[in-house]
Amino acid sequence: MMSFPWEIENYLETHNNRLHIDGLSAVDLGAEHGTPLFVFSERRIRRNIDRIRRAEKLIECRLKLCYAAKAMSTMGILRAVKNAYCDIEVNSGGELWKALEVGFRGDQIIFNGTSKEIWEIEGAVDAEIYAIQVDSPLELALIEETAKRLGKRANISLRLVPEIESATHHGLQTALLTSKFGMMPDEALRSFQQYKDSPHINLAGIHLHIGSQNPSAAAYAEAFEILFVNLHEIYNETGIKLSHINLGGGFPVNYLAGEENEQLFAKDRIEMFAADFDPADAIQNAWLTVKRAVENANASQLLDDITLLLEPGRSIIADAGILLTSVRNTKQRPIARSGNPDHRPQTTDHWLLTDAGFNLTLSMVTYHWYYHLISASRAGEDHNFLYKLAGPLCDGGDVYFDVEGLARLPDHRGLPEDIKLGEVLAMFNCGAYTMAQASQYNGRFLPAIVLINVDGKPELIRRRDRFEDLITNDIY
Ligand SMILES: Cc1ncc(COP(=O)(O)O)c(C=O)c1O
C-alpha cells in the first residue's frame with residue numbers, strides 16, 4: 001500500500017483509493033452534507049491538547065492551558081475543547097459570551113484584546129474571569145473604574161511587548177515594539193506601582209505572545225526569561241509576588257505535508273510553513289533555562305506556587321480541520337508564466353475552479369498561506385499532473401497561487417490527471433483562522449461543519465447557511 005506524507009495513522013488514511021477521516025469516507029461526507037464542507041476530528045483535538053499538556057509533567061509548576069478561541073469558535077468546537085478539560089482565551093465580549101454560553105466557568109477564561117469596550121470589561125469583571133489581559137495603562141484605569149462601579153475586584157495580567165523577533169509572517173508577529181500590542185515593561189512596572197493597593201484590582205500576572213506559527217522553539221526560552229526578569233523586577237520594586245505568567249500561543253503546524261520542494265517555495269517560506277517542534281519539549285527547555293536564571297538570582301521563591309499559562313490556538317485546531325471542496329468548472333489556457341518555474345512543465349494550463357475560495361480561507365490572500373490539497377476520491381493515486389486552482393469568487397485575487405507573481409505560493413498544484421467536474425478535493429490543516437474569518441462575500445453561504453466525535457460518529461455542528469441567513473440583519 002502506498003503511503004503519503006500527509007497520511008496520519010488512525011486519522012487521515014487512504015482506503016479504497018479514497019481519503020478517510022477518522023475512518024469515514026470524505027467523499028461520502030461531502031455527498032451527504034454538500035461542499036464546501038468543513039470536517040473536524042474531536043479525537044485529533046484531544047490528541048493536540050494532550051500533546052501540549054504533556055508539558056505539565058516536564059516542568060515544576062502548574063500549567064493552565066487556554067485554547068485561543070479566535071482560531072475557531074463554532075460552538076461545537078468550543079464544546080469539544082471544554083470536554084477535553086482545556087480552558088479558554090477570548091478576544092472580545094462576543095467570544096466571552098460564547099465561552100460562557102457553552103459552559104466555561106469564569107475561572108477558566110482569560111480575555112485579550114487591544115480595544116476593549118466598557119460593556120466587554122463589565123462582562124469580564126462580572127463573570128470573575130481568571131484574568132483580563134491588559135493592553136495599556138489607560139485600559140487598566142478603565143478596568144479599575146468598572147470593577148469599582150460593580151463592587152468587584154478584577155483579576156488582571158499585563159501584556160508586555162518585549163521585542164522578540166520571530167521568523168513568521170509580519171501579520172503574525174506580535175512581540176515587537178512596532179506591533180500594536182501590549183505595553184512596554186517600564187509602563188507595566190509603573191502600573192503595578194500605581195495599582196498595588198487598589199481594592200478593585202488583583203494584580204495577578206504578566207503575559208506575552210511571541211506570534212503565531214512561530215518556527216523557533218528557542219523563542220519560548222527567550223520569552224520566559226524576559227517574563228522572569230520582569231517578574232523579579234516587579235517583586236523588587238513593588239513587593240508584588242505574581243501568581244501567574246502567560247507565555248501565549250504560537251506553536252507551529254507543518255502545513256507542507258511533505259511538499260518541501262525548494263522549486264515551489266522560497267527557503268524562508270519552507271522554514272515557516274514546515275516548522276515543527278514539540279510544544280512540551282519547547283516549554284520544558286524554557287523552564288530549565290529560567291530555572292537556572294532564578295537560581296542565579298537567588299529568587300526561587302518567586303516561582304513557588306506559580307501557574308504557567310499557555311494560550312495555543314493553531315496547534316490545537318489547525319490539523320483537526322479539513323476543508324472539502326468540489327470542482328465546479330474546468331478550462332484550459334495557454335500556459336502562463338507568472339512566478340515559480342515549475343518542476344514538471346506542461347504546455348497548457350489546466351484550470352480547476354472550486355467552490356471554496358478566500359471567503360473560507362482568507363489567509364490564502366492576506367498571508368499567502370499554503371494549504372496542502374489532494375483529491376479525496378483518488379487519494380491513493382499519483383498527484384503529478386499540474387493544475388492552476390482558483391476559487392468561486394468574482395475577484396481576480398481568489399486563486400490558490402500568488403496572483404502578484406511574487407512566488408509566495410506555488411503556481412500550480414499537483415493532482416491526479418483528468419480531474420472531473422464534481423470531484424471532491426480535500427485541503428488539510430484548515431481548522432485554524434479559516435471558518436473563524438469566513439465571510440458571505442458574493443452572497444455565498446457559509447458552509448456546514450461536521451465534527452466526527454470521539455466515538456467516530458459524524459455530528460453536524462453547523463448547518464449550511466440558507467437564503468435567509470444572507471439577509472438576517474438587513475432592514476429593508
Ligand atoms: C495573544 C494571543 N494569544 C494566543 C494566540 C494564538 O496563537 P496561535 O493560534 O498561533 O497558537 C494569538 C494569535 O495570534 C494571540 O494574539
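The values are calculated or read from the model by the stated rules, or taken from the named source; none is laboratory data. Small disclaimer: the values here were computed from a predicted structure and weren't measured. Glycine gets a Cβ as well: all are built from the backbone with ideal geometry, and neighbour counts include every protein chain shown. Just so you know, the surface numbers come from the protein's heavy atoms only, side chains and all, with ligands and any DNA or RNA stripped out. Shrake-Rupley method; radii C 1.70, N 1.55, O 1.52, S 1.80 Å.
Counting residues in the range 72-80 that are within 11 Å of the ligand (Cβ to nearest atom) and buried (at least 21 other Cβ atoms within 10 Å of the Cβ) gives one or more. Considering L242, L256, the condition of being more than 14 Å from the ligand (Cβ to nearest atom), in contact with a His (Cβ under 8 Å, 6 or more places away or on another chain) and not in a helix (DSSP H, G or I) is satisfied by L256 alone. Could you list, in sequence order, all residues of the range 105-128 that are within 16 Å of the ligand (Cβ to nearest atom) and among the aliphatic types (A, V, I, L, M)? Matches in the range 105-128: I109, I110, A124. Of all the residues in the range 88-104, those that are within 16 Å of the ligand (Cβ to nearest atom), open to solvent by 20 Å² or more (accessible area, probe 1.4 Å) and not in a helix (DSSP H, G or I) number 2. One residue stands out among those in the range 105-143 that are outside any loop (DSSP other than H, G, I, E, B) and of a type in the set (F, W, Y): the one that is farthest from G313 (Cα to Cα), which is W119.
If I filter the range 220-231 for residues that are touching a Phe, Trp or Tyr at 6+ places or on another chain (Cβ under 6 Å) and either buried (at least 18 other Cβ atoms within 10 Å of the Cβ) or modelled with pLDDT under 95 (or both), do I get at least one hit? For the range 220-231, residues touching a Phe, Trp or Tyr at 6+ places or on another chain (Cβ under 6 Å) and either buried (at least 18 other Cβ atoms within 10 Å of the Cβ) or modelled with pLDDT under 95 (or both): absent.
For the range 130-142, the tally of residues that are surrounded by fewer than 24 Cβ atoms within 10 Å (Cβ to Cβ) and in contact with a strand residue (DSSP E or B) (Cβ under 9 Å, 6 or more places away or on another chain) stands at 4.
Among the residues of the range 208-216, not a single one is away from the ligand (no atom under 14 Å from the Cβ) and open to solvent by 10 Å² or more (accessible area, probe 1.4 Å). Is at least one residue of the range 305-328 of a type in the set (D, E), open to solvent by 40 Å² or more (accessible area, probe 1.4 Å) and part of a loop (DSSP other than H, G, I, E, B)? The answer is yes, given that some residue of the range 305-328 is of a type in the set (D, E), open to solvent by 40 Å² or more (accessible area, probe 1.4 Å) and part of a loop (DSSP other than H, G, I, E, B).
A Cβ distance below 6 Å, combined with a sequence gap of six or more or placement on separate chains, defines the contacts here; from the range 176-205, residues that are under 19 Å from L247 (Cβ atoms) and open to solvent by 40 Å² or more (accessible area, probe 1.4 Å) reach residues that are within 15 Å of the ligand (Cβ to nearest atom) and among the polar types (S, T, N, Q) in the pairs F181/T174.
Taking the criterion of being open to solvent by 10 Å² or more (accessible area, probe 1.4 Å), among the acidic types (D, E) and touching an Asp or Glu at 6+ places or on another chain (Cβ under 8 Å), no residue of the range 366-418 qualifies. For the range 377-469, the strands (runs of 3 or more DSSP E) that sit wholly inside it and include 2 or more residues that are over 25 Å from the mean Cα position of the chain (by Cα) are 385-390, 413-415. Figure legend. Inter-residue proximity from the range 287-303: first residues part of a helix (DSSP H, G or I), second residues open to solvent by 60 Å² or more (accessible area, probe 1.4 Å) and among the acidic types (D, E), beta-carbon distance below 8 Å, spacing 6+ or different chains. Indicated pairs: W287/E60; T289/E225; V290/E225; K291/E60; A293/E225.
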